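What follows is a set of notes on a single structure, which appears directly below.
Read-outs throughout are calculated quantities, based only on the coordinates presented, and are distinct from any laboratory measurement. These figures come from a predicted structure and were not determined experimentally. Every residue, glycine among them, receives a Cβ derived from its backbone with ideal geometry; neighbour counts consider all protein chains shown.
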């Protein structure tokens, strides 16, 4: 049994193009019905504004599967601790024997989430889209931007955050990354302004009220909504889902209860009978993706256990090959 | 973060009386509504006759909580491996920071399950009951018997297993434990015979068809049904639940979907409106337990996350105090 810590994992897994086919394959398996993925388990600790989620997925034919714990404790920054934490456990599919505990502290979750954003952008945004609006200024804001830059040539970035200081810090910290890019970065004064300047929009907040309205969205825009992963979270006015040209869930079963779709269903704006192509369907057959240059597309990402299984297997194999970690 | 392995844990946690109040307190918290315990997550891997369950529970006021993975892969013995496996993760309730990974390989689950059997027997069986019938011949058969002996003076043990060789092996291995006891152990040829000789019965099998019928049960018998922990598992004819004098679930929400109660509800033998005192209610107020010497009582154990949190905290504290484990 191999114990891997974050330091081990970071050495071999970072946000790069190689991860895209790994996560794409996971989404394809999911949409083809080859995955046994139970509903997410959630432990809410309201007193401390904390929650721990457990996700898991077994993919037919794979020799291992992951069970992942991801925590978000939103008072942690006051204590000088990161909000996110977690680990992944990799089990042998044939025997249930634990192959590895990956003490990644949420790093692999952050990474596979960003890669899903890259994949959504790759299949749904216009090829020549070069402006990105990022709503939110946390870790995923930065990672989603980096991930999009793996698949599109971006030269303009617009950021909006409820806290303007954080938006400015975000821009500064992104410049500090020194990615040797010719980027025009600036802070928008409103989400409306942001939308008017962006061909791709990513929402990365834990907002409980819509931040974007349909009227603000330019023709041809692609939106990745990745902040909403719980019943009460909601970043898009549900009418955007109704009036857009294409709505794509990572997993419709999940987005119906946790994602943006949940709110559209609850308000009877979309019928629960409607069946959408999932991200995996489009990866498998890209002709199902964006049809016209003018289309408004949405990808609703709630985060799936199958992404965790894919990245845990990838990280484990690389670390093992490189003799990292502690054998117990 | 402290990594504890089974060897560390076994040094300080074994099946003894000290664990009874620890698990009793857990059940009391559960029945008082002080526990946030999400539904069990299950990953079924039918191809390999395997399943992994995830259980978790946060108890109000406690500074840590556990998330537990327990696997059962029933072809493992053919490969020379134990069927059961698993680990527990202990998280800080205030920050979500992982305090410990307990690589117990299912040992703590086995132990807290056996202790629940001791508790059921303590509150529900007659004080002077001295004969135990054990249905099944696996690990829990042995542990349940040992646990009952912590709370009742047993001098007669009757064992039944579908596989008579296993029943004989069970008796031999129990004798080999050399517990210095004056015990009359023998194999029954049927569950009917077993019931006719037992004042306490424990069912410990993964049976999908009832093994015990109501007519076979003597007046005054207490039955602990602990094998059924999944929708399809069923050890007692549902009429036993209907006609017994007292039915006690560990957690009615769980036994309604996974335990013996599930089958009684499904067959409309018991109404889903009926509310039963749970084990924790009876621990909290023992006058709610057995009323008369002649009563037939049943305790339906499906295994609860709150037991896992209790035993993980107990094991962690003892191992930490004794400087065991690896700090990462």
Quote the relative contact order of chain B in percent (integer), defining contacts as alpha-carbon pairs under 8 Å separated by 6+ residues.
22 percent
Using a label point 7 Å beyond Cα on the Cα-Cβ vector, give me the inter-copy distances for residue A:287 in nanometres, one decimal, shortest first.
7.7
Give, to the nearest whole percent, the P(r) tail of region A:127-220 beyond 15 angstrom, counting all Cα pairs.
55 percent
Please state, rounded to one decimal and in Å, the Kirkwood hydrodynamic radius that the protein assembly as shown gives when every pair of distinct Cα atoms enters the mean of 1/r.
26.6 Å
Which of B:324, A:194 has the fewest other C-beta atoms within 10 Å, and how do the rest follow up to the most?
B:324, A:194
Copies compared at residue A:128 - label distances in nm, ascending, label defined 7 Å from Cα in the Cβ direction:
9.6
Please work out the Cα center distance from region A:74-130 to region B:148-200, rounded to the nearest Å.
50 Å
Considering Cα pairs under 8 angstrom that are at least six residues apart, work out the relative contact order of region A:123-303 and quote it in whole percent.
23 percent
P(r) of region A:93-145 in 5 Å steps, Cα pairs, percent per bin?
4, 15, 19, 19, 14, 9, 8, 7, 4, 2
Difference of contour (0.36 nm per residue) and Cα-Cα distance, residue B:130 to residue B:196:
22.4 nm
Pairing the Cα long axis of helix A:107-124 with the longest principal axis of chain A, what angle in degrees results, from 0 to 90 and rounded to the nearest 10?
40 degrees
Along the Cα→Cβ direction, 7 angstrom out, place labels at residue A:253 and residue A:7. What is the inter-label distance in nm?
4.0 nm
One decimal, nm, nearest first: from residue A:75 to the same residue in each other copy, label points 7 Å out along Cα→Cβ, the values are 4.9
In square nanometres and to one decimal, what's the mean projected area of the convex hull around the Cα atoms of chain A?
16.5 nm²
As I understand it, the value is the acute angle between the Cα axis of helix B:305-321 and the longest principal axis of the Cα atoms of chain B; what does it come to in degrees, rounded to 10?
50 degrees
For each of A:321, B:111, count neighbouring Cβ atoms within 10 Å of the residue's Cβ, then give the residues from fewest to most.
A:321, B:111
Calculate, axis by axis, the spread of Cα positions in region A:3-54 along the three principal axes, and write the results as whole Å, longest axis first.
41, 34, 21
For chain A, what is the calculated [θ] at 222 nm in deg cm²/dmol (nearest 500), taking -39500 (n - 2.57) for each run of four or more DSSP H residues and dividing by its residue count?
-10000 deg cm²/dmol
The convex hull of the Cα atoms of region A:123-303, divided by residue count, gives a volume in Å³ per residue of 103 Å³
One can check that the equivalent ellipsoid of region B:42-89, built from the alpha-carbon gyration tensor with semi-axes equal to the square roots of five times its eigenvalues, has lengths in Å, largest first, of 28, 11, 5
Average Cα contact separation per residue, region A:250-328, under 8 Å, 6 or more apart, as relative contact order %
38 percent
Quick one: if the Förster radius is 51 Å, what FRET efficiency do residue A:165 and residue A:271 give, using the C-beta to C-beta distance and rounding to 0.05?
0.75
Alpha-carbon centroid distance for the pair region A:233-305 / region B:235-270, whole angstrom
42 Å
Cα convex hull volume per residue for region B:28-171, in Å³, equals 140 Å³
Pair residue A:49, residue A:173: separation of 7 Å Cα→Cβ label points (nm)
1.7 nm
Pulled fully out, how much extra length does the chain show between residue A:75 and residue A:183, if you take 0.36 nm times their separation in residues and subtract their Cα-Cα distance?
35.5 nm
Using the beta-carbon distance between residue A:63 and residue B:294 and R0 = 45 Å, what value does 1/(1 + (r/R0)^6) give for FRET efficiency, to the nearest 0.05?
0.20
Treating region B:1-108 as a set of equal point scatterers at the Cα positions, no solvent, please give the Debye-formula log₁₀ I(q)/I(0) at q = 0.13, 0.20, 0.23, 0.24 Å⁻¹.
-0.59, -1.23, -1.35, -1.37
